[in-house]
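Below is one structure, written out as structure tokens; comments come after it.
The values are calculated or read from the model by the stated rules, or taken from the named source; none is laboratory data. This is a predicted model, so every value here is computed, not measured. Here the Cβ positions follow ideal geometry from the backbone for every residue, glycine too, while neighbour counts run over all protein chains shown. The accessibility values were calculated without ligands, DNA or RNA, using every heavy atom of the protein model including side chains. Shrake-Rupley method; radii C 1.70, N 1.55, O 1.52, S 1.80 Å.
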Amino acid sequence: MKLASLRGTERDGRLVVVSRDLQRMLPAEHIVATLQAALDDWSRHEPALRALAMKLEAGDGAPFDQQQCLSPLPRAYQWADGSAYVNHVELVRKARNAELPASFWTDPLMYQGGSDTFLAPTEEIPLADESWGLDFEAEVAVITGDVAVGTAPADAGRSIRLLLLVNDVSLRNLIPNELAKGFGFFQSKPSSAFSPIAVTPDELGEAWDCGRLHRPLEVDYNGRAFGRANAGIDMTFDFPTLIAHAAKTRALCAGSIIGSGTVSNRDAEGGPGKPVIDGGIGYSCIAEQRTIETLRSGSPQTPFMKAGDHVLIQMHDARGRSIFGAIDQRVKARA
């Protein structure tokens, strides 16, 4: 089943069910008005929503336009982003001349992001100052049902209701000073954007295995292939582990979003990988490419984003069909 939230008079959007080919939709307002309301009482609403999905596959429905979508949850009670790809952590820390503690391989990193506002998947990314170092970060995320405090990883997977893609927008040049204060990210993490479609795990078939999504995450930057890292490879901590980590000392309410962190793969020799232009699978953020450039030539060559730059983040199934729709954003100078 595929779900989306359309723009409307309500700030949390209008819930619709979308066909597998993303061509048609049926409104779900007569069942439940918003995605958050559906998640709050999932066992009650899921069967009726799946009945709409079956009607869509039988040919029913009106045309679906991704441009009319908000993020599936336009705001959320919880947005906690992990860093499950330790290769990414290692690379960005190298850029800051920071050592990678050994514990990072056994104990997940996670920060609590701002969830009161999310950008729509085609909304411009506002930027007040290019010196802040604007970067995209392409990720996968899950939306959970209620998760009890102390839930073990072996049980946490049962709470996963939906998956979606993320652009975890970052202001790289604000990060070092914030981290130096010892209190973590805040100003350096403005509003993120999510894919127009959220999908139930069963829609992913064999690609969803062992709490990981085994498909390439496709990132194009200014019209060129930038990243093709596989989200199921080099993911040190799977989603059940991340959920359990988040719920160690607190319960998670239905509608909590847990992110994977920037998808990042090593190359076949165990190295940090090559840019797409050099025959590699590239990267899911600019910071990684800048680190590789620094390691190779002594300084970064790729600038961070500026007004007018464009990022496209999407994922296709084995038959070449878009799974989540596209995060399709340009940067806009903010006055």
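Placing 105, 42 in order of accessible area, with the largest value first and a 1.4 Å probe, yields 105, 42. Based on the Cβ-Cβ distance from residue 155 to residue 60, what FRET efficiency comes out when R0 is 35 Å, to the nearest 0.05? Taking R0 as 35 Å, the efficiency between residue 155 and residue 60 is 0.40. Within the accessible area of the chain, the carbon and sulfur atoms contribute 50%, probe 1.4 Å, all protein chains present. Accessible area per residue for the chain, computed on protein heavy atoms with a 1.4 Å probe, is 44 Å². Taking the centroid of alpha carbons for each part, the stretch 144-179 and the stretch 1-48 are 22 Å apart. For the listed peptides 82-91, 185-194, a ranking on the average number of other beta carbons within 10 Å per residue, highest first, reads 82-91, 185-194. Here the label points at residue 250 and residue 225, each 7 Å from Cα along the C-beta direction, are separated by 4.1 nm in the simple model. Taking every lysine pair in the chain that is 8 or more places apart or spans two chains, those with Cα atoms closer than 27 Å amount to 13. Of all the options 69, 210, 285, the one that moves most in a Gaussian network model of the chain with Cα springs shorter than 10 angstrom is 210. The GluC sites (Glu not before Pro) found in the stretch 252-298 that occupy coil by DSSP, while having at most 13 further C-beta atoms within 10 Å, are 269. Near residue 333: Cβ cut-off under 12 Å, other residues only, Lys/Arg at +1 and Asp/Glu at -1. The net charge is 0.
Comparing 209, 278, 21 in a Gaussian network model of the chain (Cα springs below 10 Å), the most mobile by mean-square fluctuation is 278. Compared with the alpha-carbon gap, the fully stretched path from residue 116 to residue 67 is longer by 15.5 nm at 0.36 nm per residue. Divide by every residue of the chain the summed helix terms, -39500 (n - 2.57) for each DSSP H run of at least 4, and state the resulting mean residue ellipticity at 222 nm, rounded to the nearest 500 deg cm²/dmol. Using -39500 (n - 2.57) per qualifying helix, the result is -5000 deg cm²/dmol.
A convex hull fitted around the alpha carbon atoms of the stretch 188-335 yields 166 Å³ per residue. If R0 is 45 Å, what FRET efficiency do you get for residue 97 and residue 146 from their C-beta distance, rounded to 0.05? Efficiency, from the Cβ-Cβ distance: 0.60. Subtracting the Cα-Cα distance of residue 277 and residue 181 from 0.36 nm times their residue separation leaves 30.8 nm of extension gain. One Cα centroid belongs to the stretch 316-335, the other to the stretch 69-96; the line between them spans 17 Å.
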